[in-house]
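The values are calculated or read from the model by the stated rules, or taken from the named source; none is laboratory data. What you see is a predicted model; the values in this text were computed from it and never measured. Here the Cβ positions follow ideal geometry from the backbone for every residue, glycine too, while neighbour counts run over all protein chains shown.
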Amino acid sequence: MQAALAAMAAHFILSFTAVNHHPLLSQLSNPISASSSPSSLSLHSSFHGASLKLPRQFSAAAPKPITVVAATKKAVAVLKGTSNVEGVVTLTQDDDGLTTVTVKVNGLTPGKHGFHLHEYGDTTNGCMSTGAHFNPKGLTHGAPKDDVRHAGDLGNIVANADGVAEATIVDNQIPLSGPNSVVGRAL
């Protein structure tokens, strides 16, 4: 049906142009019916039995621009490298701006492991190509609860005796959208 309407619209435009610009044809027919009410136009086509009646607002008004504001609310990072360490990190941003980071990593040695976001998502040369800790405000290194710290300083995760670390971190400096978005950066 949409294809037929599009074809009819294209045919109408071509017919309308031809009728109005050709001296002989302009006297024969007028694609806009003279009996049309002020609130609608009747469009006729050479498609047999096809007539389309549109409200005037659809035929005369220019389309209004639409502004779409989209914000990422969830991101997932799959951790996989050349070692046995692997895991999944899920980041979810609430409407109030806080981002919850849910971490599960396997294959670690038991104990504490630093956990942070890097400047870049480029892992072609391991950690060497990911850049420094993500630090959009140019602050000094600090703990997650410090007022002055890199945004990417997320503290430590602790692996149990089986090498599994599970953690939940809630932070207000790692948005998923906007100019300081952490989406696409390395963990």
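The table for this structure:
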{"item": "Out of Leu52, Leu108, sole residue that is at pLDDT below 95 and surrounded by 10 or more Cβ atoms within 10 Å (Cβ to Cβ)", "result": "Leu52"}
{"item": "Residue match in segment 125-144 (condition: among the charged types (D, E, K, R) and in contact with a strand residue (DSSP E or B) (Cβ under 7 Å, 6 or more places away or on another chain))", "result": "no"}
{"item": "Residue check, Leu79 modelled with pLDDT under 95, more than 13 Å from Leu187 (Cβ to Cβ) and outside any loop (DSSP other than H, G, I, E, B)", "result": "no"}
{"item": "Check on Pro136, in the same structural domain as Thr102 (by TED's automatic domain parsing) and closer than 21 Å to Lys74 by Cα", "result": "yes"}
{"item": "Cross-chain or 6+ apart pairs with Cβ under 9 Å, segment 75-96 first and closer than 17 Å to Val164 by Cβ, then of a type in the set (Asp, Glu)", "result": "Val78/Glu86; Leu79/Glu86; Lys80/Glu86"}
{"item": "Of residues in segment 128-157 being within 19 Å of Leu176 (Cα to Cα) and among the basic types (Lys, Arg), the one surrounded by the fewest Cβ atoms within 10 Å (Cβ to Cβ)", "result": "Lys137"}
{"item": "Every residue from segment 158-181 that is under 21 Å from Lys112 (Cβ atoms), of a type in the set (Gly, Ala, Ser) and either touching a Lys or Arg at 6+ places or on another chain (Cβ under 6 Å) or surrounded by fewer than 16 Cβ atoms within 10 Å (Cβ to Cβ) (or both)", "result": "Ala161, Gly163"}
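Table: residues versus (1) farther than 25 Å from Pro110 by Cα; (2) without any contact (Cβ under 8 Å) to a residue 40 or more places away in the chain.
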site: His133; (1), (2): no, yes
site: Pro136; (1), (2): yes, no
site: Val148; (1), (2): yes, yes
site: Leu154; (1), (2): no, no
site: Ile169; (1), (2): no, no
site: Val183; (1), (2): yes, no
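Condition check ((1) modelled with pLDDT of 95 or more; (2) assigned to a loop (DSSP other than H, G, I, E, B); (3) under 22 Å from Ser83 (Cα atoms)) across all residues:
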| residue | (1), (2), (3) |
| --- | --- |
| Gly121 | no, yes, yes |
| Gly126 | no, no, yes |
| Gly142 | no, yes, no |
| Asp146 | no, yes, no |
| Asn156 | yes, no, yes |
| Ile169 | yes, no, no |
| Ser177 | no, yes, no |
| Leu187 | no, yes, yes |
